[in-house]
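Reading through the structure tokens given below for one structure.
The values are calculated or read from the model by the stated rules, or taken from the named source; none is laboratory data. Keep in mind that this is a model prediction, so the values were computed, not measured. Cβ placement follows ideal geometry from the backbone for every residue including glycine, while neighbour counts extend to all protein chains displayed. The area values use the complete protein model at the heavy-atom level, side chains included, leaving out ligands, DNA and RNA. Shrake-Rupley method; radii C 1.70, N 1.55, O 1.52, S 1.80 Å.
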Amino acid sequence: MFNVSEDREVIDSHNRRGETPMSHLVPVLLALVGAGNELRYDTPYFGFLPQPHGWYCELIGPIDFDLLEARFELPDTIHLDREHDLISDDGNQAEIYGGEGAKALPGWKPPPPA
């Protein structure tokens, strides 16, 4: 189960023991996908891809930061960066890019048509 603080779900600052990497961020991604966004990549890690220096995930649409702020209490290690359409998790070397933020990634190409 999860903790609730002031009617917001508390996100832990670390992976859940015995679960896949970045599992503590799955509720954040589920909220964004449930609100209509889409994961760019279908992976065993719910959209996350391993990289030499951590993990990253791309969304097709922009991140709904207002939704996240209203729904979740995030630890100090997770930063919401509206300017760059990015969620960064310093404690776990992970990044979630919204559609506009992903365009700044080296080698980015538009997603194939649906």
Quiz prompt | 14 Å reach of a label modelled at I60, 7 Å along Cα-to-Cβ, counting backbone N of the range 25-44 | solution = 33-42
Quiz item: Say R0 is 25 Å: what FRET efficiency, to the nearest 0.05, do A70 and K109 get from their beta-carbon distance?
Solution: 0.15
Quiz item: What accessible surface, in Å², does a 1.4 Å probe find on V33, ignoring ligands, DNA and RNA and rounding to the nearest 10?
Solution: 50 Å²
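Where both partners of a DSSP beta bridge lie in the chain, what percent of those bridges are antiparallel, to the nearest 5?
70 percent
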Quiz item: Heavy-atom accessible area per residue, the chain, 1.4 Å probe: how many Å²?
Solution: 61 Å²
Exercise. Enumerate the whole-percent occupancy of each 10 Å bin, from 0 to the last occupied one, for all C-alpha pair distances of the chain.
Key: 14, 50, 31, 5, 0
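Can you give the extra length, in nm with one decimal, that the chain gains between H79 and Q93 once fully stretched, where that is 0.36 nm per residue apart less the Cα-Cα distance? Mind showing how you got there, number by number?
Working: separation 14, 0.36 × 14 = 5.04 nm, distance 1.17 nm.
Extra length available between H79 and Q93 comes to 3.9 nm.
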Quiz item: At a 1.4 Å probe radius, carbon and sulfur cover how many percent of the accessible area of the chain?
Solution: 51 percent
Quiz item: Considering the chain as a Gaussian network with a 10 Å cut-off on Cα pairs, which listed residue, D89, D81, D66, attains the greatest mean-square fluctuation?
Solution: D66
